[in-house]
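One structure below.
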Amino acid sequence: MTGRCVAIGFLCGLLALGGCRGRSSLDGAVVRTSEVPAEGSVRGRPTLGSPIRIGNSSTALIPFALGEPKTFGDRFRLPTKETIRGWFFGPPVPREGNLFAGPGPQAIYWQNAVFADPLTGRAEPLLRHRAVIVQAVLIDRQQAPALAEGLWAFTVVSRDTNGDGWLRGDDTGVVLLTSPTGAWARLATGDNDDRGGEQLVSISEQPGTAFLLMRLRRDADGDGRFTTEDPVEPWVIDPARGGPAERLVPLETVGRLERLAR
């Protein structure tokens, strides 16, 4: 896709909010995504986004969120990071030029998603608890030949870790891996360790192995938010086994490197 087409598609999405074909979104012409408070109910009506095709599979991934009807004032409201993220449920999604394809994740704002297959009648939610999905990336066999079928990686936020009263991408979360069609789901990171929450920066194949290489931004100081003080570190995981991911470079080795450098 040329730069001109990308610019036209982005402007068309901003101005028409759903008028461009192929944009996986809420019913953007009349609905805007509701933000999710840490406590209390979410306002809005149940809204399904456009189905995201997964290669040649009959299964599609369909975003879900609660949305509120737009008012006349929404036509004149300047976009913020949160509203832009809320307006768009994702980029165009045929495999050719699929912007969800790795290694870097796409910023999104979903409350859930459904793996739906019209051939079997299956419609299975991705999450079984209240949360927001703030990142998504699809890794297929073209990018990771050692994987039998590819996988999705999602960053999921379920707690207001930075204390601003909302569940957003600014909060720390966990990384969830699933098969492309949602046949299985495994945590790559978890809340029950001492390294704080994480955010996915990139994910790719670790050549010569069945492992995946993940670059994770870690909440090293435990303040519940990501700052320049929080490092981005390489971790590896066996997707067939699930998490927790392990450091590619052990802390003992990092300590030796630090002593040598000082």
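The values are calculated or read from the model by the stated rules, or taken from the named source; none is laboratory data. From a predicted model like this one, the values you see are computed outputs, not experimental measurements. Note: ideal-geometry Cβ built from the backbone for every residue, glycine included; neighbour counts use all protein chains shown. For accessibility, only protein heavy atoms count, side chains too; no ligands or nucleic acids. Shrake-Rupley method; radii C 1.70, N 1.55, O 1.52, S 1.80 Å.
Here is a check on your reading of the model: is GLU205 open to solvent by less than 10 Å² (accessible area, probe 1.4 Å), at pLDDT below 90 and of a type outside the set (Val, Ile, Thr)?
Criteria not met by GLU205.
Considering (1) closer than 30 Å to PRO125 by Cα; (2) of a type in the set (Lys, Arg); (3) exposed (fewer than 15 other Cβ atoms within 10 Å of the Cβ), the lone condition that ARG225 does not fulfil carries the number (3). Consider segment 24-66 and keep the residues that are within 15 Å of ALA136 (Cβ to Cβ) and at pLDDT below 65. The one that is surrounded by the most Cβ atoms within 10 Å (Cβ to Cβ) is SER25. Taking the criterion of being charged (D, E, K, R), modelled with pLDDT of 85 or more and open to solvent by 30 Å² or more (accessible area, probe 1.4 Å), would at least one residue in segment 175-193 satisfy it? Yes: one or more hits.
If I filter segment 207-224 for residues that are in contact with a helix residue (DSSP H, G or I) (Cβ under 9 Å, 6 or more places away or on another chain) and closer than 29 Å to ASP160 by Cα, do I get at least one hit? No: zero hits. Tell me whether segment 155-163 contains one or more residues that are in contact with a Lys or Arg (Cβ under 6 Å, 6 or more places away or on another chain), open to solvent by 20 Å² or more (accessible area, probe 1.4 Å) and at pLDDT below 95. The answer is yes; a qualifying residue exists.
Look at segment 46-73: where a residue is within 18 Å of PRO180 (Cβ to Cβ) and assigned to a loop (DSSP other than H, G, I, E, B) and a partner is of a type in the set (Ser, Thr, Tyr) and open to solvent by less than 80 Å² (accessible area, probe 1.4 Å), sitting 6+ places away or on another chain with Cβ atoms under 8 Å, you get GLY49/SER24; GLY49/SER25; SER50/SER24; SER50/SER25; PRO51/SER24; ILE54/THR181; SER57/THR181; THR59/THR181. Find all pairs meeting these conditions: Cβ atoms under 9 angstrom apart; at least six residues apart or on different chains; first residue within segment 214-237 and closer than 19 Å to ILE203 by Cβ and of a type in the set (Ser, Thr, Tyr); second residue outside any loop (DSSP other than H, G, I, E, B) and open to solvent by less than 30 Å² (accessible area, probe 1.4 Å). Nothing qualifies. The set of residues from segment 112-139 being open to solvent by less than 30 Å² (accessible area, probe 1.4 Å) and farther than 30 Å from ARG159 by Cβ comprises just one member, ASP117. Only one of the numbered conditions (1) at pLDDT 95 or above; (2) within 28 Å of GLN206 (Cα to Cα); (3) small (Gly, Ala, Ser) is violated by GLY150, and that is (1).
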